[in-house]
Structure formats: C-alpha cells, structure tokens
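Each reported figure results from applying straightforward, stated rules to the coordinates on display, with no laboratory input. Computed from a predicted structure; not experimentally measured. Cβ coordinates were reconstructed from backbone atoms using ideal geometry, including for glycine residues, and neighbour counts include every protein chain displayed.
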Amino acid sequence: MKTIALIAHDGKKAEMVAFVKDHIEFLKKAHIVATGTTGGFVQQTGLDVELKLSGPKGGDAQIAAMAAEGKIAGIIFFRDPLGKHPHEPDIQMLMRISDLYNVPLATNPATGSLIIAGLLD
Ligand SMILES: O=C(CO)COP(=O)(O)O
C-alpha cells in the first residue's frame, strides 16, 4: 500500500479537506500520514490517518524523516504563501529532503491532482 503524506498550513486546511473529498476513492486505498492538526481535519472526512506531531512541534521533520527512509510515495503539502511560520527551517528541510530523494511533492491542489493521477494503479 502506498503512503501519502498530507500537510496544510492553517490558511489552507479548508482547501486540503476539499482536496481530500475530491480524491477520497484513491486516498481510501492508500496509507495516509499527516501532521497533527491537518490530520485531525482529514479524519473528519472518514479517512484513517496516521497522525504525526503538529507541524510547528516537529511534524514536518517526522514526515521528512519518513521520506528520507523511502517510506513515502508522495507528499501533498499546501503551504500558505501569505503566512509566516516559526518552523520555516523544518518546512525548507522537508522540501530539500523531497528533492534529495526524488519524492513527488505538490504544493497546490492542481499539482496534487497530478501526483494522485500518476500514482493510480
Ligand atoms: O505547520 C504545518 C506544516 O508546516 C502543518 O502542521 P499542522 O497540520 O499540525 O497544522
């Protein structure tokens, strides 16, 4: 089963929930891991979610570690381009790790849909 990581900043959580609902059939067949607060919202769609720590408390870093270990097929990370984040170094680290290990990472719904289309069996 493929593991998909879902992460959204606060200004993008509603967009993430809408994205999950739009792709629920695919996501139901995947193992979902998410940063804490995002994952709580995603669970409300009925999806099973492995919750990591909240982003500012190390959740991005945990997901980056999974990506480095080859455990993640794709990362959907809706960043808020208008927000400021105390854990910006962790965010940059997650992006760097995804590039280092060639893990697909989408930062908006359009690219997220393309990743999911690419991962369909
Ligand atoms: O901050 C985040 C990503 O950088 C997301 O964390 P939460 O899902 O816990 O809000």
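Details
- Global geometry of segment 58-105, whether rounded, prolate or oblate, following the gyration tensor of its Cα atoms and the 1.5 cut on a/c: prolate
- Neighbourhood net charge (11 Å Cβ-Cβ; Lys/Arg +1, Asp/Glu -1) for I97: -3
- Mean Cα-pair separation over length for segment 73-118, i.e. relative contact order, pairs under 8 Å, 6 or more apart, %: 54 percent
- Restricting segment 14-120 to trypsin sites (Lys or Arg not before Pro) in coil, as DSSP defines it, with at most 13 other Cβ within 10 Å: K29, K84
- The chain - percent relative contact order, Cα under 8 Å, separation 6 or more: 29 percent
- Close Lys pairs in the chain, defined as Cα atoms under 15 Å apart and 8 or more places apart or on different chains, number 8.
- Taking a Cβ cut-off of under 12 Å around F26, the surrounding Lys, Arg, Asp and Glu residues balance to a net charge of +1, with basic ones at +1 and acidic ones at -1.
- For segment 14-28 versus segment 44-104, the gap between their alpha-carbon centres in whole angstrom: 17 Å
- Neighbour-limited loop hits for GluC sites (Glu not before Pro), segment 1-100 (at most 15 other Cβ within 10 Å; DSSP other than H, G, I, E, B): E69
- Whether segment 3-119 is rounded, prolate or oblate, judged on the alpha carbon gyration tensor where a/c under 1.5 counts as rounded: rounded
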